Each structure stands twice: as C-alpha cells, then as structure tokens.
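Undergrad: After the structure tokens below, expect a handful of questions from me.
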Amino acid sequence: IPVDSFDFVLFGATGDLAKRKILPSLFHRFQIGQFGDNSRIIGASRSQMDRAGFQDHVRDALETYGGATDKEAIAGFLDLLDYTPVDAKGDGGWDVLKSMLREGEIRAFYLSVAPSLFGDIASRLKSTGCADDDSRIVVEKPFGHDLASAQALNTALRAHFREGQIYRIDHYLGKETVQNLMALRFANSLFEPLWNSSHIDHVQITVAETVSTEGRGGYYDQSGAMRDMVQNHLMQLLCLTAMEPPSKFSPNAVRNEKLKVIEALEPVQPENIVRGQYRESAAGGDSYRDHAGNPDSRTESYVAMKVEVSNWRWAGTPFYLRTGKCLRTRESEIAVFFRKPPHNIFGEDNELDANMLVIRLQPDEGIELRTTIKDPGPGGMRLTGANLDMTFADSLPDSGSQDAYERLIMDVIRGNQTLFMRGDEVEAAWAWADPIIHAWEESGQAPQQYDQGGSGPDDSLLLMHRDDRRWRPIE
Ligand code: BG6
C-alpha cells in the first residue's frame, strides 16, 4: 500500500547507519513503488557537500549495502535526493533546509546522530520553523545509558515535540517474526488459554550472535551487552511474550500492556545473573579486551539472567534471557516450555517430554512446536518426539522479506507508533536495568571469560542446572 508523499530529512546522512540501513531501506521501498509521487529525501549533516556529491555517496551506499543493480531504479531514487550541510549546534544551514521543505507534505526528521545532539536538533527544528505540530521526529538508539540520561533525552525532545510525534526506534520491533509473535498469540485461540504459569514451565529468550565487537570498541566498552541488547531488544521480546492481550492493535493499547510487564519485573538478584567476556581464540582471534583497546575492561559481551514477572499470569514461571557476541551461531529465538503432562499412562519405559513452542526470529524465521507421538511401526506403544515445523520461507515463499528498517520508516510516514517505544517504556526499562548495572560497577567483578565460537560462559549452564533446567543448545 503506497504511503502519502513526504519530505524525509535525514540528519547524519553521511554516517554509518544511514549508509548501511536507512538509505538502502528507503531505496527498497521506493523500488517496489511504495512512495507517494512527490516524495523527497533531504540529506543533512556537517559534511560540506552538494547535491551531486550526496547522490554519489548514496549510489555507492545502495550498491554496496543495498544490493542495488537496477540502474533505472537507482537513477529514479537519486532524483528524489537533495542535500544541505547543517550545523546541529549553530545557525548554519537551517534557513536553507527550511527553504527546501514544502508546505502541506508529511515531514519526517530522522536523527541518525549521537544522542547528545537530539536536544539541539529538536530545538532548532522548531525554532526555525522546519518542524510543525504534525511533523515526526525519529531517534535511534542508544536512548540514554541510564534512567537519568533517558529522562533528560525525553525532556529535551518533549520540550519541542508531542509524544505522538516522537518515534524511538528499536529495530527488533520491526522484525517480521517479532510481529508474528503478536499474531500467533492474539490471532489464534489455541495458545492464549495456555499462556500462563499454570501451563508454561519457563521461557527462554536467546539472541546469540557470531559477530565480535571489533571496530566498535569505544561505544561498546562504555555500554556492554546489558545496555546494548538487554535493556532494549531482549526487553521488547520479553514484553511481547509476557504482555496481556491489548484491547486493540493500536499504539497506546499495545504499549500500555508492554509497560505493565516492565513494571512487574522483580529486581534481579546477583546470583541470577551471569556476565561473560570472550577471550582470545585458540586460532589467534583477538579477545574482547583487544577489540575494546582496554586491557582491564570489565565490560560484558555476554549476559544470561533469570527474570521474574511478578503478576498473576506469570508468578512461578521464570523467563531466562541470554545474549552474547562471538558465539557459535547467529540464532535468535523465544522458546516456550510447557509443563509436562500431569500423569503418564504409558508406563515407565516411556518418559514424557514437555511440549515446547519455539518462535525462531532469525535466521530461518519460523515457528516450531515440539510434540510427542507414537513411534511409527511395530514394537507396541513407544513414544517419540516430533516437530510441527513451519519455516516461513517454505510456507509463504512469495511473501518476500523486508528489513526491519523498511517497515519502521514506512510506519513513521503512516504515523503509526505501534512498533516504536514510548518514553515511559524506555524509562521503565532503564529503571529496571540501572540497579543491576550499578551493582556490577560497585562490585568491580570481572565477567567470566568464555571461548569464542562456543555457547557462552560455564556459569550460564549452572544458572539453569540450579533450577533443574537446561538451555536450548546454540548450534
Ligand atoms: C544493535 C546492537 O542494536 O543490534 C548490536 O547495537 C547488535 O550490538 C545488533 O549486533 C543486532 O541486531 P540484529 O538485527 O543483527 O539481530
């Protein structure tokens, strides 16, 4: 469905994220004909560059990161572009930007810049008249590094924009399977009656990555897995898994329910958390500390934790979260372990396994349900496990895939905030994460070292063994 035509202003237009994600995403949506007829994209950044220079830059980004080969489509897209240098902290360039914007079109300002510039840009957008009461402002992560800084960012943005105009990106919410989790839960009558602690033993949420932190040393070493992944992405996955059914699929109905989950989280005790840091690999790969350029770094590149959601639905059903870099495979999933059948009629020779529902987020998106069936053939009543497995690529081959950013950017233009984090949600997530991070900082304890290409530190296994449970293998 095409969107209305728009003026999309990209601050940080020559930066890394713009090149790798935002510009290729815009191009793909343009290519399939989703842009309204007079849409335009205006690059804005510190770099002194003219329109032709920006067009060259974008062509290069599309070819390198967007897999773009269709010359006609590329030329059509480059035609929509304009560029102006703008000084985020001064007056330079704002009048030119203003003159480029057209009356009556949707205006979206995408801030792909350091969060320290959010306030300056928001204020100048308003004081120069570039933004009006209907304009949208989009901000990237990290949205703060603790509660106080997130509150300061919210205050700075809300001084000039209504909450209904602010789009805080968490790209996990744009992933196809993450939204499918809502469809699975709320568009089927099969799961919801079982979706509680009476029937679910525990839930495992895993985001395993093979990439290291190489090249991100400065940012990552100040952040660590807790701030970089858990406070935002894993928290969103937890919320969508645990939330009550919203009354409708509307931005505030959904976000109200997510917020309630975060507010119901128990503080996590130190014994329920494992932090890891990857060491040098036997093959000579550099350690986390080498990548960080900090031989004493105590920043974690892996976290595993047991989280309790303290409400009627979930009391007694823990959620185990884990995420890390340099692990064996790239694999993200939500695994819901149901309780075992209460009684075994098949005798001692047939141990009963619990059902398990796995929502595979990436790669190989799909849904899998572990069931127990009779082992086919002679030999009496012997039971065995079998999976009902739906891989989206096989079941829905014509659906095509779209990057999370493509969907999210189009939602900004449509004015749909459902897949964006509301200010209070972000603050609640920091209010939960802050004490955990402070406790680590105070203890001064170094994370446990783990091997590259493995499944994380040994202590993470113990975290589960203690509860008589096991992680799903990362393989
Ligand atoms: C980013 C983190 O937000 O998400 C990265 O900063 C991480 O450290 C990335 O690698 C993971 O995203 P995806 O889409 O590859 O799972």
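Undergrad: Which of the pairs LYS175/LYS260; LYS98/LYS141; LYS306/LYS374; LYS71/LYS98 have their Cα atoms more than 29 Å apart in this structure? Walk me through the intermediate numbers first.
TA: Working: LYS175/LYS260 22 Å; LYS98/LYS141 26 Å; LYS306/LYS374 35 Å; LYS71/LYS98 31 Å.
With Cα atoms farther than 29 Å apart: LYS306/LYS374; LYS71/LYS98.
Undergrad: Which value, in Å³ per residue, describes the convex hull spanned by the Cα atoms of segment 298-374? Please list the in-between numbers first.
TA: On the way: hull volume 13.2 nm³, N = 77.
Dividing the Cα hull volume of segment 298-374 by its residues yields 171 Å³.
Undergrad: What are the residues whose amide H is under 5 Å from the amide H of GLY454, where those residues sit 5 or more places off or on another chain and H is modelled from the backbone?
TA: Hits under the 5 Å cutoff: ARG328.
Undergrad: Then there's this: For a test of the definition: using alpha carbon positions, the gyration tensor, and the 1.5 limit on a/c, classify segment 124-259 as rounded, prolate or oblate. Write down the numbers at each step before the final one.
TA: On the way: a/c = 2.44, a/b = 1.33, b/c = 1.84.
Note, shape of segment 124-259 comes out oblate.
Undergrad: Rank these for me by crowding, ILE169, ILE1, going from fewest to most other beta carbons within 10 Å.
TA: Exposure proxy ranking, most exposed first: ILE1, ILE169.
Undergrad: Counting other Cβ atoms within 10 Å, keep those with at most 12, restrict to DSSP loop, and tell me which trypsin sites (Lys or Arg not before Pro) in segment 176-260 are left.
TA: Values: sites: ARG185, ARG216, ARG227, LYS248, ARG255, LYS258, LYS260; in loops: ARG216, LYS248.
Here the sparse-neighbourhood loop sites are LYS248.
Undergrad: Kindly provide the GluC sites (Glu not before Pro) of segment 283-372 that DSSP labels as loop, not H, G, I, E or B, and whose Cβ sees at most 10 other Cβ atoms within 10 Å.
TA: Details: sites: GLU300, GLU308, GLU331, GLU333, GLU348, GLU351, GLU365, GLU368; in loops: GLU300, GLU308, GLU348, GLU351, GLU365.
Taking segment 283-372 and a limit of 10 other Cβ atoms within 10 Å, the loop GluC sites (Glu not before Pro) found are GLU348.
Undergrad: If you build the convex hull over the alpha carbons only and average its shadow over all orientations, what do you get for segment 238-293? Give it in nm² to one decimal.
TA: Numbers: hull surface 28.7 nm².
Result: a mean projected hull area of 7.2 nm².
Undergrad: While we're on this one: For segment 296-442, just run the numbers: alpha carbon Rg, then divide by 2.2 N^0.38 Å, N being how many residues it has.
TA: Values: Rg = 21.2 Å, N = 147, 2.2 N^0.38 = 14.7 Å.
Taking the Cα Rg and dividing by 2.2 N^0.38 Å, one obtains 1.45.
Undergrad: For segment 229-352, how big is the tail of P(r) above 22 Å, as a whole percent of Cα pairs? Write down the numbers at each step before the final one.
TA: Values: 4125 of 7626 pairs.
Counting pairs separated by more than 22 Å, the tail of P(r) holds 54 percent.
Undergrad: How many angstrom lie between the Cα centre of segment 1-57 and the Cα centre of segment 269-331?
TA: With segment 1-57 and segment 269-331 each reduced to a Cα centre, they are spaced 36 Å.
Undergrad: Could you size up the charge dipole of the chain around its Cα centre, putting +1 on the beta carbon of Lys and Arg and -1 on that of Asp and Glu, and report it in debye to the nearest 20?
TA: Working: 51 positive and 71 negative charges, 108 e Å.
About 520 debye.
Undergrad: While we're here: Extent of segment 327-413 along each principal axis, from alpha carbon coordinates, in Å, largest to smallest?
TA: Sorted from largest, the Cα extents of segment 327-413 read 59, 28, 25 Å.
Undergrad: Aspartates and glutamates within cross-link reach of LYS89: Cα-Cα under 16 Å, excluding same-chain residues under 8 positions apart?
TA: Partners within reach: ASP120.
Undergrad: How big, on average over all directions, is the shadow cast by the Cα convex hull of segment 1-143, in nm²? Could you put the intermediate results ahead of the total?
TA: Working: hull surface 33.0 nm².
Across all orientations, segment 1-143 yields a mean hull projection of 8.2 nm².
Undergrad: Additional query: Please give, to one decimal in nm, the separation of the simple spin-label points placed at MET390 and ASP467, each 7 Å out from Cα toward the Cβ.
TA: Taking the simple label geometry, MET390 and ASP467 are separated by 2.8 nm.
Undergrad: To the nearest µm²/s, what D does Stokes-Einstein give for segment 40-124 at 20 °C and 1.002 mPa s, using the Kirkwood radius over alpha carbon pairs as Rh? Could you put the intermediate results ahead of the total?
TA: Details: Rh = 14.2 Å.
The calculation lands on 151 µm²/s.
Undergrad: Now for a different question. Out of all DSSP beta bridges in the chain, what portion is antiparallel? Express it as a percent rounded to 5.
TA: Values: 40 of 73 bridges.
Taking every DSSP beta bridge with both residues in the chain, the antiparallel ones total about 55 percent.
Undergrad: If the cut-off is 18 Å between C-alpha atoms, which aspartates and glutamates fall inside it for LYS258, apart from same-chain ones fewer than 8 positions away?
TA: In chain and number order, the partners are GLU163, ASP170, GLU192, GLU244, GLU266, GLU308, ASP424, GLU425, GLU427.
Undergrad: If you don't mind, another one. With a Förster radius of 51 Å, plug the Cβ-Cβ distance of LYS374 and ASP424 into 1/(1 + (r/R0)^6) and report the FRET value to the nearest 0.05.
TA: Numbers: r = 51 Å, r/R0 = 1.00.
With R0 = 51 Å, the Cβ-Cβ based efficiency is 0.50.
Undergrad: Sticking with this structure for a sec: For the chain, what is the mean residue ellipticity at 222 nm derived from helices alone (per DSSP H run of n ≥ 4: -39500 (n - 2.57); sum divided by total residues; nearest 500 deg cm²/dmol)?
TA: -9500 deg cm²/dmol, from helical runs alone.
Undergrad: Whole-Å semi-axes of the chain's equivalent ellipsoid, largest first, each the root of 5 times a Cα gyration tensor eigenvalue?
TA: Numbers: eigenvalues 340, 135, 100 Å².
Semi-axes, largest first: 41, 26, 22 Å.
Undergrad: Once you order the gyration tensor axes a ≥ b ≥ c over the Cα atoms, which shape class does segment 188-256 get: rounded for a/c under 1.5, otherwise prolate or oblate by comparing a/b with b/c?
TA: Prolate is the answer for segment 188-256, as a/c is 1.5 or above and a/b outweighs b/c.
Undergrad: Among all helices in the chain defined by DSSP H, which have a length of 24 Å or more along the axis from Cα atoms plus a Kyte-Doolittle mean of at least -1.0?
TA: Details: long enough: 423-443 (30 Å, -0.36).
For the chain, where a helix must reach 24 Å along its axis and average at least -1.0, the hits are 423-443.
Undergrad: Still on this structure: To the nearest 20 debye, what is the magnitude of the charge dipole of segment 211-306 about its Cα centre, counting +1 on the Cβ of each Lys and Arg and -1 on the Cβ of each Asp and Glu?
TA: Working: 11 positive and 13 negative charges, 73 e Å.
Dipole of segment 211-306, to the nearest 20 debye: 340 debye.
Undergrad: Is segment 384-438 best put as rounded, prolate or oblate by its Cα gyration tensor, with a ≥ b ≥ c the root eigenvalues, rounded for a/c under 1.5, and otherwise prolate when a/b is larger than b/c, oblate when not?
TA: On the way: a/c = 3.83, a/b = 1.38, b/c = 2.77.
Verdict is oblate for segment 384-438.
Where a number appears in this text, it was derived from the coordinates with a stated rule and is not lab data. Remember, it's a predicted structure, so these values are computed and weren't measured experimentally. Every residue, glycine among them, receives a Cβ derived from its backbone with ideal geometry; neighbour counts consider all protein chains shown.
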